[in-house]
1. Would you confirm, using the coordinates I've provided, whether THR133 is of a type in the set (S, T, N, Q), in contact (Cβ under 8 Å) with a residue 12 or more places away in the chain and in a strand (DSSP E or B)?
2. Looking at (1) surrounded by 24 or more Cβ atoms within 10 Å (Cβ to Cβ); (2) not in a strand (DSSP E or B); (3) not polar (S, T, N, Q), which is the only condition HIS74 fails?
3. Just give me the residues in region 142-157 being closer than 29 Å to VAL79 by Cα, free of Cβ contacts under 8 Å to residues at least 60 places away in the same chain and either aliphatic (A, V, I, L, M) or part of a loop (DSSP other than H, G, I, E, B) (or both), in sequence order.
4. When the residues of region 153-198 are narrowed to those that are hydroxyl-bearing (Ser, Thr, Tyr) and surrounded by fewer than 19 Cβ atoms within 10 Å (Cβ to Cβ), which ends up nearest to LYS132 (Cα to Cα)?
5. Just to be sure before I move on: is ALA31 over 21 Å from VAL274 (Cβ atoms) and surrounded by 15 or more Cβ atoms within 10 Å (Cβ to Cβ) in the structure I sent?
6. Determine which single condition ASP139 fails, assuming it passes every other condition in (1) under 19 Å from GLY10 (Cβ atoms); (2) of a type in the set (D, E, K, R); (3) in contact with a strand residue (DSSP E or B) (Cβ under 7 Å, 6 or more places away or on another chain); (4) not in a strand (DSSP E or B).
7. Does VAL7 fit the bill of being closer than 30 Å to ASP258 by Cβ and either of a type outside the set (A, V, I, L, M, F, W, C) or at pLDDT 95 or above (or both)?
Amino acid sequence: MSKKVIVGIGEILWDMLPSGKALGGAPANFAYHARRLGMEALAVSAIGHDALGEEIVDTLEAHALPYHLDRVDHPTGTVQVTLDAKGVPQYEIKKGVAWDNIPYSKELAAIAAECRAVCFGSLAQRSMVSRKTIAWFLDAVPADCLKVFDINLRQNYYGKTVLQASLRRCDILKINDEEIRIVADLFGLEGDDTAVCRALIKRYRLQLVILTKGAAGSEVITATEVISQAAGKCKVVDTVGAGDAFTAAFVVAYLRGDSLADAQRLASDTAAYVCSRKGAMPL
C-alpha cells in the first residue's frame, strides 16, 4: 500500500430502504465516492459472522471498493430508512452491532501509517470499543494526513465529550445546517451559522468548515472568507448518502490542489448525482 490511501472509518451497514436494502454507512459511502473519483480508498469497519456480512463483502467487491472489515461476534449493522415526501431520509439505527465493535490491530495500524486522508464521524463513536479504535487510528496517521470530521449527528448517539475530542483531532469539519444549531446550543456559541463556524475554527484550529444546507446549497467557511455554492440541479430520487458523496468529492479535489471554490463545485455536482439515483453507492 502506498501513502495515497484515503480511509473512511466507522459504520458499515445495510440501509433498509422502502425499495429494498442498499449498502450504506457514511464512512463507507465516503470511501466509495473517493474511489469512484480516482483516488485509492479503503473502507474500514466490522461485520458479523452472518449472511448480511457476507453480502457486504460481495457488494464491496462488486463496487471495486477495497476494505478492511474485521469479523466480530455481533450482528452486521442495519438501519431502517424511511423517506418523506421530499425524499429526505429518517433513520432507525440498530444497536449492539458489528460496527460498534471495531477492533484495533496491527493491520489497522499499518493502514493508518499509509493514510493520506481519513474521514470519521460521531455515530461510530457511540460505543467505547469503536470510539477508542477511531481515536487510536487518528493518533497513528502521519502528521500531514488530512483528518475530516463529518459530524453526522444521528438520533441521540452523540455528546459533547465525543464531539470535543473529535474536533481536537480533525483539520476539517463537515456539518449541515441542522447540526450547526445543535452544536451551537451544546457548546454555548452565539451568532449566525457563519459566526458559529468561525468560533469552532478558532477554538479547535480548524483549516475550514464545510456547511451544507440541502437544496439551499453549501458554504465553505475559513477564518477569512465564506464561499457559497448553489446546490446541483437534479431530479431527486432520494438523498441517502448525498452528504457523504459531497465530502468525498471535496476531499479529492482539495488533496489534488484545486481551489476551494472548484472543490466545492465538484462536491455539489457529485452530491446531485447521488440524489438522482437510488441508494448511497450508485454504480
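The values are calculated or read from the model by the stated rules, or taken from the named source; none is laboratory data. Given the structure is predicted, the values throughout are model-derived calculations rather than measurements. So basically every Cβ, Gly included, is an ideal-geometry build from the backbone, and we count neighbours across all protein chains shown.
1. Values: of a type in the set (S, T, N, Q): yes; in contact (Cβ under 8 Å) with a residue 12 or more places away in the chain: yes; in a strand (DSSP E or B): no.
Answer is no for this residue.
2. HIS74 satisfies every listed condition except (1).
3. ILE151, LEU153, ASN156
4. Here is the first cut: in region 153-198, the residues hydroxyl-bearing (Ser, Thr, Tyr) are 157-158, 161, 166, 194.
Add one more test, that the residue is surrounded by fewer than 19 Cβ atoms within 10 Å (Cβ to Cβ), and what stays is 157, 161, 194.
Values: TYR157: 16, THR161: 13, THR194: 31 Å.
Looking at the filtered set, the residue picked out is THR161.
5. Numbers: over 21 Å from VAL274 (Cβ atoms): no; surrounded by 15 or more Cβ atoms within 10 Å (Cβ to Cβ): yes.
It is false that ALA31 is over 21 Å from VAL274 (Cβ atoms) and surrounded by 15 or more Cβ atoms within 10 Å (Cβ to Cβ).
6. (3) is the only condition that ASP139 fails.
7. Numbers: closer than 30 Å to ASP258 by Cβ: yes; either of a type outside the set (A, V, I, L, M, F, W, C) or at pLDDT 95 or above (or both): yes.
Yes, satisfied.
Rundown of residues vs (1) surrounded by fewer than 24 Cβ atoms within 10 Å (Cβ to Cβ); (2) of a type outside the set (Val, Ile, Thr); (3) at pLDDT 95 or above, yes/no style:
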| site | (1), (2), (3) |
| --- | --- |
| GLU11 | no, yes, yes |
| TRP14 | yes, yes, no |
| LEU17 | yes, yes, no |
| ALA22 | yes, yes, no |
| ALA26 | no, yes, no |
| LEU37 | yes, yes, no |
| VAL44 | no, no, yes |
